[in-house]
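Participant: Can you read through this structure? Questions will come right after.
The values are calculated or read from the model by the stated rules, or taken from the named source; none is laboratory data. Just so we're clear, the structure is a prediction, and the values are computed from it rather than from any experiment. Here the Cβ positions follow ideal geometry from the backbone for every residue, glycine too, while neighbour counts run over all protein chains shown.
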Amino acid sequence: MELLPQIPDDFVSLILTDPPYGIAYQNQYTHRRHPLLAGDDGIDYERFAHECYRILKKNSHAYFFTRFDRYPYHYLCLKRAGFTVKNCLVVEKGTIGGIGDLRGSFANNAEWIIFCQKGRRVFNRTTLLQNRKKEGSCFRAGRKPSQRYKTRFNACWFGPEYPKATYNSTWQKRHQIYHPTIKNVEFLSWLIQLSSEPGELVFDGFMGSGSTAMAAVLSGRKYLGAEIEPAYFETIHKRLRDIE
């Protein structure tokens, strides 16, 4: 929130971020409990939404992670800021959430992401996912023959053909990278490839363990962001050094 006012208007080409929800998240059912996230008592989301709209270039995309219970408020703030909200993506997690009423509610196995546009930008053609039908097949009379790779993606990403939204505890132990809401670099790179061009600037104001920056670098983009917790800030630098 301190960085945002320093960024010029129309400066970033894509926003991909997971801001604090104001729920004081704590992973309870694990042998390794993460500390409470700094700032997770909430931010001024309305101001945040307006600042994001200001710094984003016209005809660009923005992705904001949210939760089912915060979605209505976040949606309203983003609309008031000027964004056109196009979809809510629902993406399978790499692990099942263990908070809440374990016997009286459904397990949380998905991430919610609000997909917005400032102006209008079409998705890039990518080689991320092949069509099931053979290239050149016709879906119906009068339609163009199918192409090898998908040009339109579903709003729900579940199943083996899609990357998971988060890493599980086994991955975290193997790589010695711990964060309560760590995101899957491959999944973020899919969004980056769909919504930006090589060399463009991707912004993440709440970097956490640095997965967005990692995905940007591996996709040939630049990154800009901030992380308030010194330990996670060091984790980001270590991960980036390892790939750079």
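Participant: Considering only residues of segment 79-112 that are modelled with pLDDT of 95 or more and touching a helix residue (DSSP H, G or I) at 6+ places or on another chain (Cβ under 8 Å), which is farthest from N59 (Cα to Cα)?
Facilitator: Restricting to residues being modelled with pLDDT of 95 or more and touching a helix residue (DSSP H, G or I) at 6+ places or on another chain (Cβ under 8 Å), the top hit is V91.
Participant: Here's a check for you: in segment 184-201, which residue that is among the hydrophobic types (A, V, I, L, M, F, W, C) and over 11 Å from the mean Cα position of the chain (by Cα) is nearest to H237 (Cα to Cα)? Spell out the reasoning first.
Facilitator: At the first step, the residues of segment 184-201 found to be among the hydrophobic types (A, V, I, L, M, F, W, C) are 185, 187-188, 190-192, 194, 201.
Remaining after also requiring over 11 Å from the mean Cα position of the chain (by Cα): 194, 201.
On the way: L194: 26, L201: 18 Å.
Step by step, filter segment 184-201, then rank; the result is L201.
Participant: Shifting gears a bit: Among the residues of segment 217-244, which ones are among the aliphatic types (A, V, I, L, M), part of a helix (DSSP H, G or I) and within 21 Å of P198 (Cα to Cα)? Spell out the reasoning first.
Facilitator: At the first step, the residues of segment 217-244 found to be among the aliphatic types (A, V, I, L, M) are 217-218, 224, 226, 228, 231, 236, 240, 243.
Of the ones still in play, those that are also part of a helix (DSSP H, G or I) are 217-218, 231, 236, 240, 243.
Answer for segment 217-244, where residues must be among the aliphatic types (A, V, I, L, M), part of a helix (DSSP H, G or I) and within 21 Å of P198 (Cα to Cα): V217, L218, L240, I243.
Participant: Another question, if that's okay. Which residues, taken from segment 9-29, are among the polar types (S, T, N, Q) and either farther than 26 Å from P72 by Cβ or modelled with pLDDT under 95 (or both)? Let's see the steps before the verdict.
Facilitator: We begin by selecting, within segment 9-29, every residue among the polar types (S, T, N, Q); these are 13, 17, 26-28.
Matches in segment 9-29: S13, Q26, N27, Q28.
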